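Participant: Pasting a structure below so you can have a look.
The values are calculated or read from the model by the stated rules, or taken from the named source; none is laboratory data. Predicted model only: the values in this text are computed from it and were never measured. Reconstructed Cβ throughout: ideal geometry from the backbone, glycine too, with neighbour counts over all protein chains shown. Surface accessibility is based on the protein's heavy atoms, side chains included, excluding ligands, DNA and RNA. Shrake-Rupley method; radii C 1.70, N 1.55, O 1.52, S 1.80 Å.
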Protein chains: 2
Amino acid sequence: MGPVKQILIVDDEAPIRQMIAVALEMAGFECIEADSAQLALEKIINNKPDMVLLDWMMPKMSGIELARRLRSSEQTADIPIIMLTARDDEDHKVHGLEAGIDDYITKPFSPRELVARLKSVLRRVTPRGVDNAVEVDGLILDPISHRASADGHALDLGPTEYRLLQFFMTHQDRAYSRTQLLDMVWGGNVYVEERTVDVHIRRLRKALGKRHQYLVQTVRGTGYRFSTQTQ
Amino acid sequence: MGPVKQILIVDDEAPIRQMIAVALEMAGFECIEADSAQLALEKIINNKPDMVLLDWMMPKMSGIELARRLRSSEQTADIPIIMLTARDDEDHKVHGLEAGIDDYITKPFSPRELVARLKSVLRRVTPRGVDNAVEVDGLILDPISHRASADGHALDLGPTEYRLLQFFMTHQDRAYSRTQLLDMVWGGNVYVEERTVDVHIRRLRKALGKRHQYLVQTVRGTGYRFSTQTQ
DNA sequence: TAAATTTGTGACAAAATTGTTACAGGATCA
DNA sequence: TGATCCTGTAACAATTTTGTCACAAATTTA
């Protein structure tokens, strides 16, 4: 599911850092570590991680302070932050949310919990780059400008193909019968041959080009499915 | 980076308003708040905010209702609106887009996401101000002198073409239906054929000349779009 | 393997959409 | 008031899209 996400772990205690790193790597993430806020700043600028796990309490610059700095710079303002804290204190939570923290984890935590929360934040944060645009493996569809593009260059879609693609991109990994597609994409009360769907599928595939054909999969005896996973 | 933008937050729940306000202020925006659509109307007229963040569900007048009202008044028609909604429902999104909503954010959202979307809309909706000229690829429209020029020499535009161009230049990269254009450019309560829009589009294109025709793009089956990007 | 299903493809004519032009009535302005 | 400019419509032309068909290719079934 997309490229490997890189996570920066910031904590002054080495054992904790490593425990987290192991857990994340087992879950398929790539880790970088920093033992101080100073070093973290450097690594963030150099590596542009997809997320920062930040210890609340650290010598010199505190986690909250670092978070504030990240938020205030245009370049780093978009990087999600999860705060690790020993306190269960409500005040601090509120305070943290104000600083633009995306989630909290209270020590001690289980590796599984950490991974779950992390994934949840990534899910919430990543897919929404800008607008309501949907993106799948280089395919972008933006309902606001009403445009679709593959690997940067525009797709030439007829109205029906556009609607079909939009439906698929917002309903992935599920097989639909021709009848269902007619209902959802054409609109309930039209009478058209079921085979018409095949023709439009064909047109959509053609427009998508070689590189993205695989996304529109035929499910024999049933209908079609849109998915990044190979059949 | 330009003057400070003023954002009006309309939501009946104080904690949400404040959460948003803090996030926006950290991002360098100035906030006004309103806990009802009624109050919002007042504040909009008095303060002329640069954007309105609007909760979908509110007692008395709903967000969508308020949005409609803003659109129908000449003075408030071009204030960008972002809708906050708890529903993830496609239907509502479409519905909202038609009512002239500029973007949607589904609760729960992270402060960062909110700021990102907000900036994106502000970028797209560009300097809607009364006093500053807008420029797009050699096309200049100056609201003060009420003139438009392309590559230096003046354009010969009728009043309607001028308003159409102004609307387009301040609402780039977004597809509008003929109905929406009638609402936004002609003003809500006139009855004119949809095809009239096509004729004025044609006149505008003609006036723009070969070099700038490409800016006014037709979105088949939908309407028109103004954008520097090739289709 | 042959027969039967199911899906892929290209062609085509009808239908829908958009571009373009001309024109009559209003509005505007000197 | 007369001339000029603008606007909305209608009519027609150009273009694009759409649904079907007929046939090919692929897959399953017997």
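Participant: Dipole magnitude of segment A:134-226 about its Cα centre, charges +1 at Lys/Arg Cβ and -1 at Asp/Glu Cβ only, in debye to the nearest 20? Present the calculation step by step, with values, prior to reporting the outcome.
Facilitator: On the way: 13 positive and 11 negative charges, 65 e Å.
The dipole of segment A:134-226 has a size of about 320 debye.
Participant: Which loop GluC sites (Glu not before Pro) in segment A:139-221, with loop taken from DSSP, have no more than 12 other Cβ atoms within 10 angstrom of their Cβ?
Facilitator: Details: sites: A:Glu161, A:Glu193, A:Glu194; in loops: A:Glu193, A:Glu194.
Those that pass, being in a loop and sparsely packed, are A:Glu193, A:Glu194.
Participant: Let me ask you something else. Put a label point 7 Å from Cα along the Cβ direction on A:Arg202, then list its distances to the equivalent points in the other copies in nm, shortest first.
Facilitator: 3.6
Participant: Right, something else. Counting only protein chains, not ligands or nucleic acids, how are A:Lys210, B:Lys48, B:Lys43 ordered by accessible area (probe 1.4 Å), most first? Intermediate values should be presented prior to the final figure.
Facilitator: On the way: A:Lys210 190, B:Lys48 115, B:Lys43 60 Å².
Greatest to least solvent exposure: A:Lys210, B:Lys48, B:Lys43.
Participant: In addition: I want the local charge near A:Leu181. Using Cβ-Cβ distances under 13 Å, sum +1 for each Lys or Arg and -1 for each Asp or Glu among the other residues. It would help to have the intermediate numbers written out before the result.
Facilitator: Details: positive: A:Arg163, A:Arg174, A:Arg178, A:Arg195, A:Arg225; negative: A:Glu161, A:Asp183, A:Glu193, A:Glu194, A:Asp198.
Net local charge, A:Leu181 excluded: 0.
Participant: Between B:Val192 and B:Arg147, what is the FRET efficiency for a Förster distance of 35 Å, r being their Cβ-Cβ separation, to the nearest 0.05?
Facilitator: Values: r = 26 Å, r/R0 = 0.74.
That gives a FRET efficiency of 0.85.
Participant: Extending each Cα 7 Å along its Cβ direction at B:Gln6 and B:Glu25, get the distance between those two points in nm, one decimal.
Facilitator: If labels sit at B:Gln6 and B:Glu25, their model points lie 1.6 nm apart.
Participant: For segment A:196-231 and segment A:2-30, what is the separation of their Cα centres, given in Å?
Facilitator: Using only Cα atoms, the two centres lie 37 Å from each other.
Participant: Take segment A:134-226, compute every pairwise Cα distance, and split them into 10 Å bins from 0; I just need the percent in each bin.
Facilitator: Pairs per bin, as whole percents: 16, 54, 27, 3.
Participant: May I ask which of B:Lys48/B:Lys206; A:Lys119/A:Lys210; B:Lys5/B:Lys43; A:Lys5/A:Lys206 have a Cα-Cα span longer than 23 Å here? Don't jump to the answer; show the numbers that get you there.
Facilitator: Working: B:Lys48/B:Lys206 35 Å; A:Lys119/A:Lys210 31 Å; B:Lys5/B:Lys43 15 Å; A:Lys5/A:Lys206 32 Å.
Listed pairs above 23 Å: B:Lys48/B:Lys206; A:Lys119/A:Lys210; A:Lys5/A:Lys206.
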